[in-house]
Amino acid sequence: METCDECKKGKLRKKSVEYVIYGKGLGNFPALVCDRCNETLFAGETFFAIERQAKQKGVWGIAAKTRIGTSGNSLDVKIPKPVVDFLGLRKGQEVVIEPLGEKKFQVSVVSS
Ligand SMILES: [Zn+2]
């Protein structure tokens, strides 16, 4: 049995693990999971299967760079179309913006 590269102590065991991206489960895939630190490794060929599922569910590669613009006295952030589609966003929806750190913020939809 292989030893975990991450913690150097645990053993990697074969498990079926659900792959979740943007809160959407893509199904279970074979992985090696450390019995100590839970480090999870997917084999290369498994990644292709995950990628196929992600593309099918429309969640592949939707993270995109965008720029901060201006709108009157405020700044605005253009939300790329794939993200708009994934979240089902519409103009006029109410959102809450809150900082999560010095270089990170979160936008949560409060009305639908
Ligand atoms: Zn480990």
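All of the numbers you see were taken from the coordinates with simple rules; none came from a lab. Just so it is clear, the structure is predicted and the values come from calculations on it, not from any experiment. Note that each Cβ is placed from the backbone with ideal geometry, even for glycine, and that neighbours are counted across all protein chains shown.
Normalising the average separation of contacting C-alpha pairs (under 8 angstrom, six or more residues apart) by the number of residues puts the relative contact order of the stretch 1-102 at 15 percent. Between Ala63 and Arg13, the modelled labels are 3.0 nm apart [label points 7 Å from Cα along Cα→Cβ]. Put a plus charge on the Cβ of each Lys and Arg, a minus charge on the Cβ of each Asp and Glu, and nothing anywhere else: the dipole of the chain about its Cα centre is then about 180 debye. In the chain, the DSSP-assigned H stretches of four residues or longer account for a calculated mean residue ellipticity at 222 nm of -5000 deg cm²/dmol, using -39500 (n - 2.57) per stretch and the full residue count as denominator. Once you order the gyration tensor axes a ≥ b ≥ c over the Cα atoms, which shape class does the stretch 68-109 get: rounded for a/c under 1.5, otherwise prolate or oblate by comparing a/b with b/c? Oblate.
Beyond 22 Å between alpha-carbons counts as too far, so tell me which of Lys57/Lys81; Lys57/Lys91; Lys65/Lys91; Lys55/Lys81; Lys57/Lys104 fall in that bin. Numbers along the way, then the final one.
Working: Lys57/Lys81 16 Å; Lys57/Lys91 24 Å; Lys65/Lys91 20 Å; Lys55/Lys81 16 Å; Lys57/Lys104 26 Å.
Flagged as over cut-off: Lys57/Lys91; Lys57/Lys104.
Angle between the Cα long axis of helix 44-56 and the longest principal axis of the chain, 0 to 90 degrees, nearest 10? Value to nearest ten degrees: 30.
Where Rh denotes the Kirkwood radius from the mean inverse Cα pair distance, what is Rg over Rh for the chain? All intermediate terms of the calculation are to be shown ahead of the outcome.
Numbers: Rg = 19.0 Å, Rh = 17.2 Å.
On the Cα set of the chain, Rg over Rh gives 1.10.
Length available on full extension from Lys55 to Met1: 0.36 nm per residue minus the Cα-Cα distance, which gives 16.1 nm.
Most tightly packed first, judged by the mean number of other beta-carbon atoms within 10 Å of their residues, the peptides 67-73, 46-52 read 46-52, 67-73. Between Phe48 and Gln93, the modelled label-to-label distance comes to 3.6 nm, taking each label 7 Å out from Cα in the direction of the beta carbon.
What FRET efficiency would be calculated for the residue pair Tyr22, Asn73, taking the C-beta separation as r and a Förster radius of 35 Å, to the nearest 0.05?
Working: r = 32 Å, r/R0 = 0.92.
Given R0 = 35 Å and the Cβ-Cβ separation, E is 0.60.
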